[in-house]
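Enquirer: Here it is, the structure, as structure tokens.
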């Protein structure tokens, strides 16, 4: 056995070391191919409707969102500059949050003065993605912006920028 370890390829590399390296490479390639999910785009885009919840905003921002809604402006995702469709409608509510109540000496759920919560409903054309079979894994704007409930995003229009969360998604 000692003779087998002393044989070297090109006088520098041990044959056993080469075999071990090739086995490790084969295992890595197999592992990557085995665990990789095949994501296949559908044949085209389809219209989806979604609602973004925007909390704790001022009256000036609410007025800017109303103006953008009346103009049916396009929503842009701020960091990736991807169009997310057009604003259809908004719903405005008073904003409530927990704050310290000195009388009760405890935190209570109460209205925050001069702050609002807006539900902004928009629609756009998104690609449906799947695994190549019958499973739909999500909807995407552009190539890499997934639309799913609970996703945080920063949106912008001509006269406002706001952070929100996708609260509802309809096909």
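The values are calculated or read from the model by the stated rules, or taken from the named source; none is laboratory data. Just so you know, these numbers come straight off a predicted model, no measurement behind them. Here the Cβ is made from the backbone with ideal geometry for all residues, glycine too, and neighbour counts use every protein chain on show.
Enquirer: Output the number of residues of the stretch 54-65 satisfying the condition of being loosely packed, with under 15 Cβ neighbours inside 10 Å and either touching a residue at least 24 places away in the same chain (Cβ under 8 Å) or in contact with a helix residue (DSSP H, G or I) (Cβ under 9 Å, 6 or more places away or on another chain) (or both).
Expert: 3
Enquirer: Pairs, please: C-beta under 8 Å, at least 6 apart or cross-chain, first residue within 14 Å of residue 81 (Cα to Cα) and in the same structural domain as residue 85 (by TED's automatic domain parsing) and in the stretch 138-149, second at pLDDT 85 or above and in a loop (DSSP other than H, G, I, E, B)?
Expert: Short answer, once both residue conditions are applied: 142/80; 144/80; 145/80.
Enquirer: I'd like to check something: does the stretch 97-112 contain any residue that is touching a helix residue (DSSP H, G or I) at 6+ places or on another chain (Cβ under 6 Å), within 24 Å of residue 59 (Cβ to Cβ) and touching a residue at least 12 places away in the same chain (Cβ under 8 Å)?
Expert: no
Enquirer: Is it true that residue 124 is loosely packed, with under 11 Cβ neighbours inside 10 Å and out of contact with any helix residue (DSSP H, G or I) (no Cβ under 7 Å at 6 or more places or on another chain)?
Expert: no
Enquirer: Would you mind telling me which numbered condition in (1) closer than 14 Å to residue 84 by Cβ; (2) at pLDDT below 90 residue 155 fails?
Expert: (2)
Enquirer: Let me ask you something else. Considering only residues that are touching a residue at least 24 places away in the same chain (Cβ under 8 Å) and assigned to a loop (DSSP other than H, G, I, E, B), which ones fall in the stretch 72-96?
Expert: Those that are touching a residue at least 24 places away in the same chain (Cβ under 8 Å) and assigned to a loop (DSSP other than H, G, I, E, B): 73, 78, 79, 80.
Enquirer: Report yes if residue 64 is assigned by TED's automatic domain parsing to the domain that holds residue 145, at pLDDT 90 or above and out of contact with any strand residue (DSSP E or B) (no Cβ under 8 Å at 6 or more places or on another chain), otherwise no.
Expert: Judged against the criteria, residue 64 is a match.
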